[in-house]
Amino acid sequence: MTRIAFIGLGNMGGPMAANLVKAGHAVTGFDLSHDVLKAAEASGVRAANVLTEALADAEVVVTMLPKGQHVLTVWTDVLRSVPKGTLVIDSSTIDVDSACKAHAMAGDAGCLSLDAPVSGGTGGAAAGTLTFMAGGSTESFAAAKPLLEVMGKKIVHCGDAGAGQAAKICNNMVLGISMIGVCEAFVLGEKLGLSHQALFDVASTSSGQCWSINTYCPVPGPVPTSPANNDYKPGFAAALMLKDLRLSQEAALSSGASTPLGAEAAQLYALFEKLGNGDRDFSAIIEMFREAK
Ligand code: NAD
């Protein structure tokens, strides 16, 4: 049994903390939202009224927050309160620079730290089947692994500080670009009189195959579980895809990498969001290409 402080109990953090409770750990949670905190309490998390109350006696701290600025603010307060040697894990999706700053702050405070963003969405968080991409020292990774295994089914140590965030945004840049490519192919196929099923049967078994077509096909029919069959309810919201594409472009700029298709994908998802589609699944972008003249 480990004493864990879990900060940020929203759509992802709530079910992740619940799984830690189910595995027998003592989890104290804190969130700025009273409603979110109440919901976490119902799953066995002890609710703290202030951050420092959640941190008292914690051996491990997990943060699951919206953006880099939130993580740096919370980590500053956390690292002031916890004793040396405490393990601090951030599972939010944030920019690589902020992740590296957070690690440096933890190092200065004598704490172990890990960036460990996830993929698998809210369904994976609830089922405990997330993929964790971790960055940090071997010692931090070894200490965190048993807890990550409670919340996920695949845990990859990607390298040193920031490597987890780097892997996450590189993967999601591929996903954004490939979804756009698949959507364009289906719209072209429609114009050429090709049925969705025929294009799927060919592309999903030949060189066009990829996750965006085989598992998450953006038209209803060929893959019954894809959000296209459920009026494009997420799934993975377009606003989150845009967030990750923007993070990839910040990283490309600061590292000097050339990512022209990543840049184009970010612009197309920005337009899609501006048209009021941020809450829809990211595969619904096919409609924007259909409507384009
Ligand atoms: P969310 O908005 O549902 O939850 C974030 C929570 O953080 C909120 O409840 C908010 O009140 C809380 N919070 C913000 N600032 C705080 C502070 N200073 N102290 C305490 N609590 C604070 O977001 P989410 O969907 O749970 O996502 C969390 C992170 O996980 C994001 O970085 C997101 O990009 C990433 N992510 C989300 C998904 C998904 O499908 N939702 C998938 C993979 C990764």
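A few notes on this one:
- So residue 139, is it in a helix (DSSP H, G or I) and either within 25 Å of residue 73 (Cα to Cα) or open to solvent by less than 10 Å² (accessible area, probe 1.4 Å) (or both): yes
Conditions tested, residue by residue: (1) under 27 Å from residue 242 (Cα atoms); (2) surrounded by fewer than 17 Cβ atoms within 10 Å (Cβ to Cβ); (3) in the same structural domain as residue 145 (by TED's automatic domain parsing); (4) β-branched (Val, Ile, Thr).
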| site | (1), (2), (3), (4) |
| --- | --- |
| 30 | no, no, yes, no |
| 37 | no, no, yes, no |
| 42 | no, yes, yes, no |
| 49 | no, yes, yes, no |
| 60 | no, no, yes, yes |
| 65 | yes, no, yes, no |
| 77 | no, yes, yes, no |
| 80 | no, yes, yes, no |
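- Taking the numbered list (1) surrounded by 15 or more Cβ atoms within 10 Å (Cβ to Cβ); (2) near the ligand (Cβ under 6 Å from one of its atoms) in turn, residue 19 passes all entries but (2).
- Across the stretch 111-136, the qualifying residues are those that are open to solvent by 30 Å² or more (accessible area, probe 1.4 Å) and part of a strand (DSSP E or B), and the one among them that is farthest from the ligand (Cβ to nearest atom) is 112.
- Residues within the stretch 35-88 that are within 25 Å of residue 160 (Cβ to Cβ), more than 13 Å from the ligand (Cβ to nearest atom) and either in contact (Cβ under 8 Å) with a residue 40 or more places away in the chain or not in a loop (DSSP other than H, G, I, E, B) (or both), tallied: 7
- Of the helices (runs of 4 or more DSSP H) lying entirely inside the stretch 180-293, those containing at least 1 residues that are small (Gly, Ala, Ser) and open to solvent by less than 30 Å² (accessible area, probe 1.4 Å) are 196-203, 211-214, 238-255, 260-272.
- Flag for residue 27 being in a strand (DSSP E or B) and modelled with pLDDT of 95 or more: yes
The values are calculated or read from the model by the stated rules, or taken from the named source; none is laboratory data. Note that the structure is predicted; figures quoted are calculated from it, not measured. Neighbour counts run over all protein chains shown; Cβ positions are idealised from the backbone, glycine included. The area values use the complete protein model at the heavy-atom level, side chains included, leaving out ligands, DNA and RNA. Shrake-Rupley method; radii C 1.70, N 1.55, O 1.52, S 1.80 Å.
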